[in-house]
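For reference, the structure discussed in these notes is given below.
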Amino acid sequence: MACSHVPPQPDRRSFIAKAASIVIGGIVAVVPALAGLLVLFDPLRRKSETTGAVFVGSLNALPENSPPRKFEIVATRVDAWNRTPNVPVGSVYLQRTGPNEVRALNTVCPHAGCAVGYRGGQDIFFCPCHNSSFSRDGKILDPKSPSPRALDELPVEIRHGTEIWVKFRNFRKGVPDKIPV
Ligand code: FES
């Protein structure tokens, strides 16, 4: 006599429910972990930067037609996971170009990052590393200049009549375009 015993078939619906619960459980576990990793590593995607405009000095310290004057920039440095207030982040040459107008030039040479000096006798900016020279307004003087662009001019605001505020930035070196870093 043939055996009529049929092995029990797996319950199809319960199999699908189990599979779905495993998939959903996996998603529930992985999504918060990914979100946590994004938050943890987010500062690495941010660039080092100072925040906003920085008070640099008073208009009274810059008589009209006086030579460019160097000022240190003290600001908040935001860098990966750190936010450090009141640290030197660079320097600028300020020039009074009108009763209420000031030009600010970053003192870093756009070629390779050396410090540019001002030569009063010639009224030019000069970089001693590879001899780039710039006019008083920051333009390249020598067509064979190693610097691929003019000195980096920065936005200036005059607040409360006499306060000079500069939006300080550094830019990528060795390229013709001003690319903030
Ligand atoms: S770093 Fe200034 S000319 Fe090269």
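Since every read-out is calculated from the coordinates, none of them should be taken as a lab result. Everything numeric here is computed off the predicted structure, so don't read it as measured data. Methodologically, a virtual Cβ is constructed for each residue, glycine included, from the backbone with ideal geometry; neighbour enumeration extends over all protein chains shown.
Where the eigenvalues come from the Cα gyration tensor of the stretch 115-166, what are the semi-axes √(5λ) of the equivalent ellipsoid, largest first, in whole Å? It would help to have the intermediate numbers written out before the result.
On the way: eigenvalues 137, 30, 16 Å².
Taking √(5λ) for each eigenvalue gives 26, 12, 9 Å, largest first.
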Practice task
Would you kindly calculate the translational diffusion coefficient of the stretch 49-166, applying Stokes-Einstein with the Kirkwood radius from alpha carbon pairs, for 20 °C and a viscosity of 1.002 mPa s, and quote it in µm² s⁻¹ without decimals?
Solution key: 143
Problem - Contour excess over end-to-end distance, with Cα ends at Phe55 and Thr97 and 0.36 nm allotted per residue - result: 13.3 nm
Practice task
Kindly state, to the nearest 0.05, the FRET efficiency for Thr162 paired with Asn65, given R0 = 22 Å and r defined as their beta-carbon distance.
Solution key: 0.80
Exercise for the section: Please work out the Cα center distance from the stretch 65-101 to the stretch 125-149, rounded to the nearest Å. Expected result: 21
Exercise for the section: Between Arg172 and Thr76, with labels modelled 7 Å along Cα→Cβ, what's the label distance in nm to one decimal, could you check? Expected result: 2.8
